[in-house]
Amino acid sequence: MKLLITAGPTREYLDDVRFLTNASSGRMGHALAQSALAAGHEVVLVCGPVAIPCVAGCRQIDVETTREMRDACAGEWSDCDGLIATAAVCDYRPRERVVGKLKKSGAGLRLELVETEDILAGLAGQKGRRFVVGFALEADTARSNAVAKLRSKHCDAIVLNDPTALNGPTTKVELIVPPDRTVAEWSGSKLDVADRLIRWIGMEFGAGRVFPKGAS
């Protein structure tokens, strides 16, 4: 299979030097790329700004903003068999980006934010017979929020994790398929969890396999 994988954070600029982002390291997406290549799959990795090297053997497209990630994914999606969306995409961006650098004025600054593009929902809405596996990093009412994301974004599976996974070498996840059934729970190094997820994807969505019951 040819897999499209997103990884890392995105940045949304306030001015030419300041931006909104998060603590995602990109390690989970890179681990999945490594595991997928080891399993014989082809990988396109669309990655936000991270401090780890590209995975040997995959084609990596480096991006910064959410819009850049969306455009890069849209350009690759038609040629792929499935998507694994691990990127921690910024949900909001400043309504206006200031040219240059904002200066202190001695007064407060009011920042107006607008929602960014929904990459996962946009790609899943055009999937046809391709599969989409999303990641949901949740803190409060975690499982119910992950199930809501599974349904609203038309994913074929959602991987639930929590903020402790950000920028760390290990993770603990719950794999949920429609309508709200847990099919696996894994913990360990991100590479170990990636190996398990890639193996599950191969069994579920590989040649001759069918989509999980309830998947659209």
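Pulled fully out, how much extra length does the chain show between ARG59 and VAL98, if you take 0.36 nm times their separation in residues and subtract their Cα-Cα distance? Walk me through the numbers before you get to the answer.
Numbers: separation 39, 0.36 × 39 = 14.04 nm, distance 3.34 nm.
Extra length from ARG59 to VAL98 when fully extended: 10.7 nm.
Using helices alone, what [θ] at 222 nm do you get for the chain, with -39,500 (n - 2.57) per DSSP H run of 4 or more residues, divided over all residues and rounded to the nearest 500?
Working: 5 runs with 57 residues, N = 216.
When only DSSP H runs of four or more count, the value is -8000 deg cm²/dmol.
Return the Rg/Rh ratio of the chain with Cα-based radii and a Kirkwood Rh.
On the way: Rg = 17.5 Å, Rh = 17.8 Å.
My calculation puts Rg/Rh at 0.99.
Around VAL44, under 9 Å between beta carbons, what's the net of Lys plus Arg minus Asp minus Glu among the other residues?
On the way: positive: LYS2, ARG59; negative: GLU42, GLU76, ASP79.
Taking every Cβ under 9 Å from that of VAL44, the sum is -1.
For a quick check: with amide H placed at 1.01 Å from N, whose amide H comes under 5 Å from ASN22's, ignoring anything fewer than 5 positions away on the same chain?
THR10
Can you give me the relative contact order of the chain as a percent, contacts being Cα pairs under 8 Å and 6 or more apart? Mind showing how you got there, number by number?
On the way: 455 pairs, mean separation 44.1, N = 216.
This gives 20 percent for the chain.
If I model a spin label at SER78 and ASP91 as a point 7 Å from the Cα along the Cα→Cβ vector, what separation in nanometres do I get?
Result: 3.3 nm between the two label points.
Could you state the per residue volume, in Å³, of the convex hull enclosing the Cα atoms of segment 18-145? Kindly include the intermediate steps, with their values, before the conclusion.
Working: hull volume 19.9 nm³, N = 128.
Considering the Cα atoms of segment 18-145, their hull volume per residue is 155 Å³.
Which of ARG143, ARG93, ARG110 comes first, and how do the rest follow, when ranked by fewest Cβ neighbours within 10 Å?
Values: ARG143 15, ARG93 22, ARG110 5.
Neighbour counts put them in this order, fewest first: ARG110, ARG143, ARG93.
What Kirkwood radius, in Å to one decimal, follows from the Cα pairs of segment 56-106? Let's see the in-between values first.
Values: mean 1/r = 0.0706 Å⁻¹.
Taking the inverse mean of 1/r over all distinct Cα pairs, segment 56-106 comes out at 14.2 Å.
At each listed q (0.13, 0.17, 0.24 Å⁻¹), what is the log10 of I(q)/I(0) that the Debye formula gives for segment 111-216 modelled as equal alpha-carbon point scatterers?
Result of the Debye calculation: -0.50, -0.83, -1.40.
Coordinate-derived values only; no laboratory data. Since the model is a prediction, treat every value here as computed from it, not as a measurement. Please note: Cβ atoms are built from the backbone with ideal geometry, for glycine as well, and neighbour counts cover all protein chains shown.
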